[in-house]
Amino acid sequence: MTDAVAWQRTDMVFRQTLILAFGGLAMTALGGFAYWRTDAVWLLGWAMAVPVIFGARLGLAHAYHRRPAADPPRLWARRYALGAWATGAHWGVVALVVVTEPDVLTHLVIIIAQSRFFTNAARRNSPVPEASYGVPVLGLLPMVGACLVVGGTLYTCAAAFTAMVLVASIWIGWTRAAETLAQLVSAEERRRLVEQVGRTNAELVAANARLVAMARTDALTGLLNRRGFDEALAREWSRARWNSGRLCLLLVDVDRFKQYNDTHGHIAGDACLRRVAQAVAKAEHRPGDIIARYGGEELAVILPDTDGRAGMLVAERLRLAVEALAIPHCGSRVTVSIGVASLDQADSATPEILLSRADAALYMAKRDGRNRARLAEVA
């Protein structure tokens, strides 16, 4: 049995504070009735001791709910059992009334009250088996003995009845304890299974998210790849049509990159391309902007809610950021050419047309001497 199940069993008995209070009142009333019938002072003392015992048990329940987190569940189960045994032993003392006070009505009322109390107590105490078994033994065996001592047909029948109640109480406690344990273990297993399924689902969701990110990420630069770029461009184009209508696209191409690869090797070429991508990413840092590796040595930058003029300013900032890297190449340094294309509210261009315009503007930048940006003309 796990600690979780043990704590649940202990919780079940310590939650019965209201039942404890009613039980204490009922026992006190019974003692008062017996004293009224017999005038036996010790019965008055018995009745007055009931609130003390039940008050102590209620105090124990209060302490349980404020227990230190490090306490083991078995400790509190034993404490509950001790409190329950005190109640059972107190019931056992009242059996003396059969021997000392010749009032048959009082005897019958007490025996009937005991039968009701102990069968109910067996059910209530069943989560803590030692309490469930111990209480009826401590409370009913003395009554069986007292009835046999008095003797006679009536008291022999009373002894037999009380013995039957004792056996029934133990049987009820045993069966209910087994049922309670089975239910709690089953519930705990279900809870653990639900938690495991939840963790597994969370891991699958995270793994799927990583796979989706990997499917849209360029391994060399860490930017979006072509697939991610195509999806982003379609999404931002659709958003622009519904909102401001403005969208700007930049195509960034590393000048004479094939020569760089041929001169320095592909490993150096990859390192160069990574540095260029990082410079572009750092220079363009608006939260909504999207930077991707378009293919080969080309990068693409999507600028939402941006017109052509603002796009040219961004392109110039990117061009200067790459030039500032001062990567040696062909007697000078690595530079980029940039083609800029924009979309406004009146323009019906599709994402493919916007991309074609940016590519044409990039070709103009190359034709005009490289290391510059050109804005596409809208027909």
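The values are calculated or read from the model by the stated rules, or taken from the named source; none is laboratory data. The structure presented is a predicted model; accordingly, all values stated were derived computationally and were not measured. FYI the Cβ positions are ideal-geometry reconstructions off the backbone, even for glycines, and counts take in every protein chain you see.
The table below lists the values:
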read-out: Within the stretch 347-375, tally of residues that are more than 25 Å from Glu231 (Cβ to Cβ), surrounded by fewer than 15 Cβ atoms within 10 Å (Cβ to Cβ) and small (Gly, Ala, Ser); value: 1
read-out: Helices (runs of 4 or more DSSP H) lying entirely in the stretch 85-155 (those with 1 or more residues that are touching a Lys or Arg at 6+ places or on another chain (Cβ under 6 Å), in contact (Cβ under 8 Å) with a residue 40 or more places away in the chain and under 18 Å from Leu43 (Cβ atoms)); value: 104-125
read-out: Qualifying positions in the stretch 26-38 - of a type outside the set (A, V, I, L, M) and touching an Asp or Glu at 6+ places or on another chain (Cβ under 9 Å); value: Arg37, Thr38
read-out: Set Arg241, Arg190, Arg199: member being in contact with a strand residue (DSSP E or B) (Cβ under 9 Å, 6 or more places away or on another chain), at pLDDT below 90 and of a type outside the set (S, T, N, Q); value: Arg241
read-out: Residue in the stretch 287-299 that is of a type in the set (Lys, Arg), surrounded by 15 or more Cβ atoms within 10 Å (Cβ to Cβ) and not in a loop (DSSP other than H, G, I, E, B) present; value: yes
read-out: Test result for Asp255, farther than 14 Å from Ile291 by Cα and touching a Lys or Arg at 6+ places or on another chain (Cβ under 9 Å); value: yes
read-out: Failed item in (1) surrounded by 18 or more Cβ atoms within 10 Å (Cβ to Cβ); (2) under 17 Å from Met27 (Cβ atoms); (3) over 41 Å from the mean Cα position of the chain (by Cα), with Ala159 passing the rest; value: (2)
read-out: Failed condition for Ala84, given (1) surrounded by fewer than 21 Cβ atoms within 10 Å (Cβ to Cβ); (2) under 19 Å from Val13 (Cα atoms); (3) at pLDDT 90 or above; value: (1)
read-out: Sole exception among (1) touching a residue at least 24 places away in the same chain (Cβ under 8 Å); (2) of a type in the set (A, V, I, L, M, F, W, C); (3) exposed (fewer than 15 other Cβ atoms within 10 Å of the Cβ) for Ala268, by number; value: (1)
read-out: From Ala69, Ala63, Ala29, residue being at pLDDT 90 or above, assigned by TED's automatic domain parsing to the domain that holds Ala131, small (Gly, Ala, Ser) and within 33 Å of the chain's Cα centre (by Cα); value: Ala63
read-out: Lone unmet requirement of (1) in contact (Cβ under 8 Å) with a residue 60 or more places away in the chain; (2) out of contact with any Pro (no Cβ under 8 Å at 6 or more places or on another chain); (3) closer than 20 Å to Phe14 by Cβ for Gln183; value: (1)
read-out: Evaluation of Ala219 against (1) outside any helix (DSSP H, G or I); (2) touching a residue at least 24 places away in the same chain (Cβ under 8 Å); (3) small (Gly, Ala, Ser) (one fails), failing number; value: (2)
read-out: Hits in the stretch 220-265 - residues which are surrounded by fewer than 19 Cβ atoms within 10 Å (Cβ to Cβ), under 29 Å from Gln345 (Cβ atoms) and among the acidic types (Asp, Glu); value: Asp230, Glu231
read-out: Qualifying residues in the stretch 156-209 (those that are among the hydroxyl-bearing types (Ser, Thr, Tyr) and assigned by TED's automatic domain parsing to the domain that holds Ile112) - the one nearest to Val94 (Cα to Cα); value: Thr162
read-out: Which numbered condition Val322 misses (of (1) more than 24 Å from Leu354 (Cα to Cα); (2) in a loop (DSSP other than H, G, I, E, B); (3) of a type outside the set (Lys, Arg)); value: (2)
read-out: Residues (surrounded by fewer than 19 Cβ atoms within 10 Å (Cβ to Cβ) and of a type in the set (Lys, Arg)) located in the stretch 56-78; value: Arg66, Arg67, Arg74, Arg78
read-out: Yes/no for Val94 being modelled with pLDDT under 90 and buried (at least 23 other Cβ atoms within 10 Å of the Cβ); value: no
read-out: The stretch 274-286: number of residues that are of a type outside the set (A, V, I, L, M, F, W, C) and not in a loop (DSSP other than H, G, I, E, B); value: 4
read-out: In the stretch 333-363, the residues that are small (Gly, Ala, Ser) and modelled with pLDDT of 90 or more; value: Ser337, Gly339, Ala341, Ser342, Ser356, Ala358, Ala360, Ala361
read-out: Meets criteria (among the basic types (Lys, Arg) and free of Cβ contacts under 8 Å to residues at least 24 places away in the same chain) for Arg370; value: no
